[in-house]
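Inspection log for the structure reproduced underneath, given as structure tokens.
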Amino acid sequence: MDFTPLYALAVGLLAVANAILFPLWTGFAGGAAPKASADIILWHLALALVNAVALLWLLRSMPRERGVPLVVLLLLATFTRLAYLAVRVSQSANVVDPDVHLFFRYAQEFAGGRYPTMEYPQGALLLYSIAYVLSSGDAARFALALPLFNLGFDLVAIASFVWIGKVWGSRDNASLLALLYAVSPFTLVLWYGKYDVVPAALLALGLSLFLARRYYFSSLALAIGFLAKWIPGIALAFLVVHLVRSGQRRQALGFAAVAGIAISLPLLATWMVAPDKLLDPYRFHSERGMMGESGLYIPVHFLEPTARIAPGTAPWTGVESNLIDGDLATRLQLAGVGLALVLAVAVRPRRAAAVALACVGVALFIILNRVFSPQYVLLLAVAYIVGGIALRLSRRVALAAILAILFLTFLNYLVWPLWAAFWVEASTIFFALNLVVTLALTYGAIRAEDPGYVDSHRAQNNQARGG
């Protein structure tokens, strides 16, 4: 039994509900208002439940080893995003994120012959400049060009999920995880007004290429992801460790060389054009303090009452704490990623384990960062999806993963843009659930086997039994 019209109708209706009906019903109140009302929050909870039920039904009823076809997923993702964009424009809610204005200003300064003082790495400026050229330097058109540009990268991420699911022998679960990413209602606002879909897609592509043994292309994709927003570069260290541990030292050297050259050339170009701007993003972030959105704020909130953010204050407000200062926050972050890297050295050298632990490293870097932004949930979702596909989850565990990712995006949405009155509690559950997922991935990585290894041992066992 293939992907029948019934399944096509179900996913189509889900996309319409997420991208058109629900935004029209709520009138983008969450995105436009500084604080959400109780009824708005209840409607968003209802939407989360609708998505959970629909995905549960699809997971349980669709034939195994088939899943949703890639063409359907790509069309579905395109329709969902374009429909959402059309609804926003029709409701005059097409410019609500101040980051869009910031990106436009950077591109405008660069087009005018001046390298801007930025808080983002050098590759991000190229992305803004492309959107600037596509919009002919018009601010209103730039706000439309940016999400359209992002769309292509979302399609890359979805295609990466499905492709590696096919290669890795986990096609059905991969397609359903990709379906969640394609129609997720609580990340559309991030696709629209941020650019983190770009590093997220490059993370998905780079890890998928590594699983498929396209090592140098994997290194290049992750290096470009680093230039876009650093975080995908975390995975590079884990993959190099795997290549060394598995005796592929020549490939490890080439892998590291490709990444080093790909990262160094743009940095060198920046140094030649504007040497005083090269380190601006690094200085900016090294000087930033803890934010209320950070996972490290949770213990501060409950254990250090004098450092709490005042009621009614935005979650992205800075926090001064004696319990966790900037130095301790950095050490905790490095310790978390370092521990995952130690595990990568200790476990048996399997590509599945290497990729799963790379995803854990990426997640811990984000979770333990003293500065957290809501758009990071895109990178977390990609890390969990790719890690789950690499570990060849069972149907039951895949269901748990889908529901966990959906719930994570919902909790993240409560903090921003809804800014619910109980955002601290929502944030606490969000980070606790992230830690649970990373622990589950770590456990799976320790027990992981690559498909070829598993299949060969099954064949040997069958022969031994005379079967």
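Laboratory data are not the source of any read-out in this text; all were calculated from the coordinates shown. This structure is a prediction, so every number in the text was calculated from the model and none was measured.
Helical runs (DSSP H, four residues minimum) scored at -39500 (n - 2.57) apiece and divided by the length of the chain put the mean residue ellipticity at 222 nm at -23500 deg cm²/dmol. Each of (i) 1.09; (ii) 0.96; (iii) 0.99 is a candidate for Rg/Rh (Cα atoms, Kirkwood Rh); the one calculated from this structure is (ii). Considering the stretch 241-298 at the alpha-carbon level, its Rg and Dmax are found to be 17.8, 45 Å. Converting phi to 3J(HN,Hα) with the Karplus coefficients 6.51, -1.76 and 1.60 and the offset θ = phi - 60°, the stretch 314-330 yields 5, x, 7, 5, x, 10, 10, 10, 8, 6, 10, 8, x, 5, 5, 4, 5 Hz in sequence order, with x at every glycine or proline.
Residues in the stretch 44-61 carry Karplus couplings, in order, of 5, 5, 4, 5, 4, 5, 4, 5, 4, 5, 4, 5, 4, 4, 5, 5, 7, 9 Hz; the curve used is 6.51 cos²θ - 1.76 cosθ + 1.60 with θ = phi - 60°, and Gly or Pro positions show x. When the distances between all Cα atoms of the stretch 377-459 are binned every 5 Å from zero, what whole-number percent does each bin get? All Cα pairs, binned at 5 Å, distribute as 3, 14, 22, 21, 15, 10, 7, 4, 2, 2, 1, 0 percent.
Can you tell me the relative contact order of the chain? Whole percent, Cα pairs under 8 Å, sequence separation 6 or more. Please list the in-between numbers first.
Working: 664 pairs, mean separation 84.1, N = 467.
This gives 18 percent for the chain.
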